[in-house]
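Peer 1: Got a structure for you, questions after.
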Amino acid sequence: NAGVMQNPRHLVRRRGQEARLRCSPMKGHSHVYWYRQLPEEGLKFMVYLQKENIIDESGMPKERFSAEFPKEGPSILRIQQVVRGDSAAYFCASSPDGNSNQPQHFGDGTRLSIL
Amino acid sequence: AQKITQTQPGMFVQEKEAVTLDCTYDTSDPSYGLFWYKQPSSGEMIFLIYQGSYDQQNATEGRYSLNFQKARKSANLVISASQLGDSAMYFCAMRWGTGRRALTFGSGTRLQVQP
């Protein structure tokens, strides 16, 4: 049973370009969460999605960031016109449902570097 | 406001000894879940153990156990018989209530196991 798959593992972009981060949840999981981790810090919640719906985007910056989880295919976190401050590790997690006692299983993350 | 605190930035332990990593939290919600994750130097996030606020017994998973003291609002992780492979960052995380699904993470504790 494959775990949460994120790609790419590393992504380098120049300022002003777009970054697209992909996440395929574990088989049978329909809830996806995106987190951002700055160096030497804990993870910070960004957005929570179910298939075709954004449930909670309270942690996502209002500008330049968007997320989707289409009916078919992976969840995508999109960052437009990237800036140096977007450099971070971005983690995706999934769970089978929204129950509070279900752990979220994480992917290996995408390390985004902005030149 | 909900908050989770890890006061130990770094800890050292001798191989084969036990170590306790501290975690305190603050919430007025009676329903919540507490999670511990391990992040080795390779960067992935590994789920270790879960404790629900209504659970009567402390959670255990192999060498990991959770010392849950509800009145003190603490959920310390105990690792018994430390191994060199336990060297990593450890994050305490919390999810509270029935509406919010996102995890809130502490700042982490870096554990180094010495031979």
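Peer 1: Over chain B, what per residue volume does the convex hull of the Cα atoms give, in whole Å³?
Peer 2: Details: hull volume 11.1 nm³, N = 115.
Normalising the Cα hull of chain B by residue number yields 96 Å³.
Peer 1: Which value, to two decimals, describes the C-alpha radius of gyration of segment A:74-115 once divided by 2.2 N^0.38 Å? It would help to have the intermediate numbers written out before the result.
Peer 2: Details: Rg = 13.4 Å, N = 42, 2.2 N^0.38 = 9.1 Å.
In units of the globular-protein estimate, segment A:74-115 measures up at 1.47.
Peer 1: Give me the distance in nm between label points sitting 7 Å out from Cα along the Cα-to-Cβ direction at A:LEU115 and B:SER42, one decimal.
Peer 2: Taking the simple label geometry, A:LEU115 and B:SER42 are separated by 2.9 nm.
Peer 1: Another one. Can you tell me, using C-alpha contacts under 8 Å and at least 6 residues apart, the relative contact order of segment A:1-87 as a whole percent?
Peer 2: Working: 158 pairs, mean separation 26.1, N = 87.
Value for segment A:1-87: 30 percent.
Peer 1: What trypsin sites (Lys or Arg not before Pro) does segment A:13-49 have in DSSP loop regions with at most 12 other beta carbons within 10 Å?
Peer 2: Numbers: sites: A:ARG13, A:ARG14, A:ARG15, A:ARG20, A:ARG22, A:LYS27, A:ARG36, A:LYS44; in loops: A:ARG14, A:ARG15, A:LYS27.
When the trypsin sites (Lys or Arg not before Pro) of segment A:13-49 are filtered for loop state and at most 12 Cβ neighbours within 10 Å, A:ARG14, A:ARG15, A:LYS27 remain.
Peer 1: Jot down the radius of gyration and Dmax of the protein assembly as shown, Cα atoms only, both in angstrom.
Peer 2: 17.7, 53
Peer 1: Filter the trypsin sites (Lys or Arg not before Pro) in segment A:71-105 to those in DSSP coil with at most 15 other Cβ atoms within 10 Å of their Cβ, and list the result.
Peer 2: Numbers: sites: A:LYS71, A:ARG78, A:ARG84; in loops: A:LYS71.
Here the trypsin sites (Lys or Arg not before Pro) that fit, given the DSSP loop and packing criteria, are A:LYS71.
Peer 1: Estimate the FRET efficiency between B:LYS16 and A:ASN7 by the formula 1/(1 + (r/R0)^6), using the beta-carbon distance for r and 45 Å for R0, to the nearest 0.05. Could you put the intermediate results ahead of the total?
Peer 2: Details: r = 39 Å, r/R0 = 0.86.
Taking R0 as 45 Å, the efficiency between B:LYS16 and A:ASN7 is 0.70.
Peer 1: Okay, moving on. Taking 0.36 nm per intervening residue step and subtracting the Cα-Cα distance, what contour gain separates B:GLN56 from B:LYS73 on full extension? It would help to have the intermediate numbers written out before the result.
Peer 2: Working: separation 17, 0.36 × 17 = 6.12 nm, distance 1.45 nm.
Computed gain between B:GLN56 and B:LYS73 is 4.7 nm.
Peer 1: In chain A, what is the volume of the convex hull around the alpha carbon atoms, normalised per residue and reported in Å³? Spell out each step's value before the answer.
Peer 2: Details: hull volume 11.5 nm³, N = 115.
So the per-residue hull volume is 100 Å³.
Peer 1: Related question: What are the GluC sites (Glu not before Pro) within segment A:30-115 that DSSP puts in a loop, where the Cβ has at most 16 other Cβ atoms within 10 Å?
Peer 2: Here the GluC sites (Glu not before Pro) that fit, given the DSSP loop and packing criteria, are A:GLU40, A:GLU41, A:GLU52, A:GLU63, A:GLU72.
Peer 1: If you don't mind, another one. Pop out the Kirkwood hydrodynamic radius of segment B:1-40 from its pairwise C-alpha distances, inverse of mean 1/r, in Å to one decimal. Walk me through the numbers on the way to the answer.
Peer 2: Values: mean 1/r = 0.0791 Å⁻¹.
When all Cα pairs of segment B:1-40 are included, the Kirkwood radius is 12.7 Å.
Peer 1: Normalised by the residues of chain B, what does the relative contact order come to in percent, with Cα pairs under 8 Å and at least six apart? Write out the running numbers ahead of the final one.
Peer 2: Numbers: 284 pairs, mean separation 42.4, N = 115.
Worked out over chain B, it gives 37 percent.
Peer 1: Could you pull out every one of the aspartates and glutamates with an alpha carbon less than 19 Å from that of B:LYS16, ignoring same-chain neighbours closer than 8 positions?
Peer 2: Within reach: B:GLU61, B:ASP86.
Peer 1: Only four residue types carry charge here, +1 at the Cβ of Lys and Arg and -1 at the Cβ of Asp and Glu. Report the dipole size of chain B about the Cα centre in Debye, rounded to the nearest 20.
Peer 2: So the dipole magnitude of chain B works out to roughly 300 debye.
Peer 1: Let me spell out the model: positive unit charges on the Cβ of Lys and Arg, negative unit charges on the Cβ of Asp and Glu, origin at the Cα centre of chain A. What dipole size does that give, in debye rounded to 20? Display every interim value, and only then the final one.
Peer 2: Values: 16 positive and 12 negative charges, 99 e Å.
Dipole size: approximately 480 debye.
Peer 1: Further question on the same structure: Quick one: which of A:LYS27/A:LYS51; B:LYS3/B:LYS73; A:LYS44/B:LYS73; A:LYS44/B:LYS38; A:LYS27/A:LYS71 span more than 20 angstrom between C-alpha atoms?
Peer 2: Values: A:LYS27/A:LYS51 13 Å; B:LYS3/B:LYS73 11 Å; A:LYS44/B:LYS73 22 Å; A:LYS44/B:LYS38 16 Å; A:LYS27/A:LYS71 14 Å.
Table pairs above 20 Å Cα-Cα are A:LYS44/B:LYS73.
Peer 1: If you don't mind, there's one more thing I want to ask. Would you calculate the separation in nanometres between label points at B:ARG63 and A:LYS51, each defined as 7 Å from the Cα along the Cα-to-beta-carbon direction?
Peer 2: Label at B:ARG63, label at A:LYS51, 4.0 nm between them.
Where a number appears in this text, it was derived from the coordinates with a stated rule and is not lab data. Only a predicted model underlies this, so the values are computations on that prediction, with no experimental measurement involved. Quick reminder, even Gly has a Cβ in these numbers, built from the backbone with ideal geometry, and neighbours come from all protein chains shown.
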